[in-house]
Amino acid sequence: MGETLTILFLAAEAEPFYKVGGLADVAGSLPVALRGLSPKMTGGMQLDIRLVLPLHCTAQSEPQSLLRTNEFPVYRRGGSIRAQVFERDLNGVPAYFITGQPILNATSIYSADPAADREKYIFFSLAALELSRRMGWRPDIVHANDWHTALALYTLRARRGEAFFSRTAGLLTVHNLPYMGGDASDVLAAYGLAPLFEENLPSWARSQPLPMGLWAADAIVPVSETYAREILTPDFGCDLQDFLKQRANSITGIVNGVDVNAWNPLTDRRLAATFDADSLGGRLENKTALQKKMGFPIEARVPLLAMVTRVDQQKGLDLVFEALPKLAEKPWQFLLLGSGAPQLEAAARSLQAKYPERVQAVLRYDANLSRLIYGGADMFLMPSRYEPCGLGQMLAMRYGCVPVVRATGGLKDTVEEGKTGFLFARADVDEFVEALQRALGVYASQEKWRRFQRNGMKQDFSWTRSARQYATLYRCLVPEAVPDPE
Ligand code: ADP
């Protein structure tokens, strides 16, 4: 029998319970992939990983499928707040859902009120740590994700004096560096957390959850190798680059995988027609269904360009809105699925008003439509200003939709120019137009296009490789947990 490594995995969102962006895909599938690794892949270790999520209001309509398993107070100035814990299984991974007043107060996963979000996620992070203690289940690793749960690592470091947490290491996966959580001084004080004095951190960062977590973490994992390098530079480091450079030995880039069972064009019942790399003809049915649904002229050979994205400055939508008119002479249709920043949504509407026959902006979240897009559109546009990993391009390739992306972060690490997609270097409209022209040129030859599609569909985007990298890192963080001799 090998040893067991215990991992408490904390996240704000996870599929299939709640999803806003890529974090949900990761938190819903990485723990399952880790738990599924054979001992051979983990150096003889068994990984006992448990997922902890807030019980957001969006799930509170069906708590009957959840089992209430724990209840305890979390200290807050002038008293305490009760945390209640519910439990259920996620494909073999125990999933715990925490609720309590700050979580009940919120009407969405991320609100427009940053102060309320800070209160909610600090409460959640503290309650999640306390949960492990209440269960008498000592984590070897606390694996936090993004700013929402970063303070669990800060607290962990403060509680290392307690026997229970004395051997627990902290790992922080960084999915999006610019989202740091804002100034949490008030709420830190309210929950009894001491301020951070660290000269190496800029003073503004010392009270923000993400930098505090970066300071406290034993290991920092940006979600691609390129992003791990980029955040050490002024262009991507959000003014933390000097601090991060000092922590460079603790930084390891690990690219995300995708849940290849949940995302399989051969079995996806939400497509109009299923297909695989050997039956790509089936894609046309999806394209036709998509064109019909969107009110586009049904044209098999007019390239259908698409985006499925949060509508955010990060995603380079402004480049798309500028680039497409420059290609107005060429035939194309463009479909945007996404919601977010009002200004960018308005710009999408204006583009649609200008080209009503060939542009559709569907400004909402729609999981079903996203699948039909991946399975029916020809090109997937991701001209991101920065992209820590990006899942859209991997899902697109898996469904035979060829990506045209900016060579940054995980896009650079997962898309190969001239083989699986088209890349451009700078966030510059002319470079983007040029990449689109290259893509349109290849699209003109059905045979060449099919080669791109097949190359993309053959890529292995499963979690296995990344999960093994995480397992290796976990083992490095717990040095005494050496594997049994073979
Ligand atoms: P990010 O995490 O920055 O939002 P990613 O590319 O990593 O970007 O992940 C985005 C995920 O969210 C993908 O699974 C994508 O399909 C999904 N998604 C984004 N916007 C929408 C939308 N409007 N409707 C459906 N799915 C969406």
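Looking at (1) under 14 Å from the mean Cα position of the chain (by Cα); (2) assigned to a loop (DSSP other than H, G, I, E, B), which is the one condition that is false for Arg167?
(1) is the only condition that Arg167 fails.
Report the residue count in segment 170-191 for those that are touching a residue at least 40 places away in the same chain (Cβ under 8 Å) and either hydroxyl-bearing (Ser, Thr, Tyr) or not in a helix (DSSP H, G or I) (or both).
Residues meeting the conditions: 14.
A quick yes/no check of all residues on (1) more than 25 Å from Ala262 (Cβ to Cβ); (2) among the hydroxyl-bearing types (Ser, Thr, Tyr); (3) in contact (Cβ under 8 Å) with a residue 24 or more places away in the chain:
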position: Thr408; (1), (2), (3): yes, yes, yes
position: Leu411; (1), (2), (3): no, no, yes
position: Gly418; (1), (2), (3): yes, no, no
position: Gly421; (1), (2), (3): no, no, yes
position: Ala427; (1), (2), (3): yes, no, yes
position: Arg450; (1), (2), (3): yes, no, yes
position: Arg454; (1), (2), (3): no, no, yes
position: Phe461; (1), (2), (3): no, no, yes
position: Arg465; (1), (2), (3): no, no, yes
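Results for (1) part of a helix (DSSP H, G or I); (2) acidic (Asp, Glu); (3) modelled with pLDDT under 90; (4) within 21 Å of the chain's Cα centre (by Cα), shown as yes or no for each residue.
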{"site": "Gln64", "(1), (2), (3), (4)": "yes, no, yes, no"}
{"site": "Asn70", "(1), (2), (3), (4)": "no, no, no, no"}
{"site": "Pro73", "(1), (2), (3), (4)": "no, no, no, no"}
{"site": "Glu87", "(1), (2), (3), (4)": "no, yes, no, no"}
{"site": "Phe97", "(1), (2), (3), (4)": "no, no, no, yes"}
{"site": "Pro102", "(1), (2), (3), (4)": "yes, no, no, no"}
{"site": "Thr107", "(1), (2), (3), (4)": "no, no, yes, no"}
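Considering only segment 238-269, state which residues are farther than 15 Å from Trp215 by Cα and touching a Ser or Thr at 6+ places or on another chain (Cβ under 7 Å).
Passing the criteria: Gly253, Ile254, Val255, Asn256, Gly257, Asp259, Val260, Pro265, Leu266, Thr267, Asp268.
How do the pairs read when you match residues in segment 327-347 that are touching a residue at least 12 places away in the same chain (Cβ under 8 Å) and surrounded by fewer than 16 Cβ atoms within 10 Å (Cβ to Cβ) with residues anywhere that are of a type in the set (Val, Ile, Thr) and assigned to a loop (DSSP other than H, G, I, E, B), using Cβ under 9 Å and keeping only pairs 6 or more apart or on different chains?
As it stands, the answer is Pro331/Val302, since those pairs meet every condition given.
Of these, Phe334, Phe296, Phe321, Phe275, which one is away from the ligand (no atom under 16 Å from the Cβ), modelled with pLDDT of 95 or more and touching a strand residue (DSSP E or B) at 6+ places or on another chain (Cβ under 9 Å)?
Values: Phe334 fails: away from the ligand (no atom under 16 Å from the Cβ); Phe321 fails: touching a strand residue (DSSP E or B) at 6+ places or on another chain (Cβ under 9 Å); Phe275 fails: touching a strand residue (DSSP E or B) at 6+ places or on another chain (Cβ under 9 Å).
Exactly one residue qualifies, and that residue is Phe296.
So is Leu344 within 27 Å of Asn176 (Cα to Cα), under 23 Å from the mean Cα position of the chain (by Cα) and either more than 16 Å from the ligand (Cβ to nearest atom) or assigned to a helix (DSSP H, G or I) (or both) or not? Explain how you work it out, then say what you get.
Details: within 27 Å of Asn176 (Cα to Cα): yes; under 23 Å from the mean Cα position of the chain (by Cα): yes; either more than 16 Å from the ligand (Cβ to nearest atom) or assigned to a helix (DSSP H, G or I) (or both): yes.
So Leu344 fits the description; yes.
Among the residues of segment 150-196, count how many are β-branched (Val, Ile, Thr) and more than 16 Å from the ligand (Cβ to nearest atom). Can you show your working first?
Applying the first criterion (β-branched (Val, Ile, Thr)) to segment 150-196 yields 155, 168, 173-174, 187.
Now restrict to residues that are more than 16 Å from the ligand (Cβ to nearest atom): 155, 168, 187.
Within segment 150-196, residues that are β-branched (Val, Ile, Thr) and more than 16 Å from the ligand (Cβ to nearest atom) number 3.
Give me the helices (runs of 4 or more DSSP H) completely within segment 407-486, filtered to those with at least 2 residues that are touching a helix residue (DSSP H, G or I) at 6+ places or on another chain (Cβ under 9 Å), at pLDDT 95 or above and of a type in the set (A, V, I, L, M, F, W, C), ordered by residue number. Before you say what the answer is, go through the steps one by one.
On the way: elements: 409-414, 429-443, 446-458, 464-477.
By residue number, 429-443, 446-458, 464-477.
Test of understanding: among Ala205, Ala194, Ala150, Ala128, which residue is of a type in the set (Gly, Ala, Ser), assigned to a helix (DSSP H, G or I) and farther than 18 Å from Ile98 by Cβ? Before the answer, list the steps.
Details: Ala194 fails: assigned to a helix (DSSP H, G or I); Ala150 fails: farther than 18 Å from Ile98 by Cβ; Ala128 fails: farther than 18 Å from Ile98 by Cβ.
Answer to the selection: Ala205.
Name the one entry in Ala144, Ala150, Ala116 that is assigned by TED's automatic domain parsing to the domain that holds Asp25 and more than 17 Å from Leu210 (Cβ to Cβ). Before the answer, list the steps.
Values: Ala144 fails: more than 17 Å from Leu210 (Cβ to Cβ); Ala150 fails: more than 17 Å from Leu210 (Cβ to Cβ).
It is Ala116.
Going through segment 7-49 one residue at a time, which ones are among the polar types (S, T, N, Q) and part of a loop (DSSP other than H, G, I, E, B)?
Looking only at segment 7-49, we keep the residues that are among the polar types (S, T, N, Q), and these are 29, 38, 42, 46.
If the condition is that a residue be among the polar types (S, T, N, Q) and part of a loop (DSSP other than H, G, I, E, B), then Ser38 is the only one that fits.
Can you pull out every residue in segment 376-406 that is closer than 17 Å to Leu336 by Cβ and assigned to a helix (DSSP H, G or I)?
Gly376, Gly392, Gln393, Leu395, Ala396 - these are the residues of segment 376-406 that are closer than 17 Å to Leu336 by Cβ and assigned to a helix (DSSP H, G or I).
Do the conditions hold for Phe17, that is, is it over 23 Å from the mean Cα position of the chain (by Cα), of a type outside the set (Ser, Thr, Tyr) and more than 21 Å from Leu172 (Cβ to Cβ)? I'd like the intermediate steps shown before the answer.
Numbers: over 23 Å from the mean Cα position of the chain (by Cα): no; of a type outside the set (Ser, Thr, Tyr): yes; more than 21 Å from Leu172 (Cβ to Cβ): yes.
When the stated conditions are applied, Phe17 does not pass them.
Tell me yes or no: at least one residue of segment 97-106 is within 24 Å of Val223 (Cβ to Cβ), surrounded by 15 or more Cβ atoms within 10 Å (Cβ to Cβ), in contact with a Leu (Cβ under 8 Å, 6 or more places away or on another chain) and touching a residue at least 40 places away in the same chain (Cβ under 8 Å). Let's see the steps before the verdict.
Step one: list which residues in segment 97-106 are within 24 Å of Val223 (Cβ to Cβ), which gives none.
No: zero hits.
Per-residue answers, yes or no, for (1) of a type in the set (A, V, I, L, M, F, W, C); (2) more than 16 Å from the ligand (Cβ to nearest atom); (3) in the same structural domain as Trp147 (by TED's automatic domain parsing):
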{"site": "Ala27", "(1), (2), (3)": "yes, no, yes"}
{"site": "Pro31", "(1), (2), (3)": "no, yes, yes"}
{"site": "Phe72", "(1), (2), (3)": "yes, yes, yes"}
{"site": "Arg77", "(1), (2), (3)": "no, yes, yes"}
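What are the residues in segment 359-375 that are outside any helix (DSSP H, G or I), within 10 Å of the ligand (Cβ to nearest atom) and in contact with a Leu (Cβ under 7 Å, 6 or more places away or on another chain), if any?
Of all residues in segment 359-375, those outside any helix (DSSP H, G or I) come to 359-366.
Those left that are additionally within 10 Å of the ligand (Cβ to nearest atom): 362-366.
Within segment 359-375, Val362, Asp366 meet the criteria.
Could you check, for segment 138-146, whether at least one of its residues is surrounded by 15 or more Cβ atoms within 10 Å (Cβ to Cβ) and part of a helix (DSSP H, G or I)? It would help to see each step written out before you state the result.
Our first condition is that a residue be surrounded by 15 or more Cβ atoms within 10 Å (Cβ to Cβ); within segment 138-146, this holds for 138-146.
Imposing the further condition that a residue be part of a helix (DSSP H, G or I) reduces the set to 146.
Looking for residues that are surrounded by 15 or more Cβ atoms within 10 Å (Cβ to Cβ) and part of a helix (DSSP H, G or I), one finds at least one in segment 138-146, hence yes.
The values are calculated or read from the model by the stated rules, or taken from the named source; none is laboratory data. Bear in mind the structure is a predicted one, so any value in this text is a computation, not a measurement. Note that we place each Cβ from the backbone using ideal geometry, even for glycine, and neighbour counts take in every protein chain shown.
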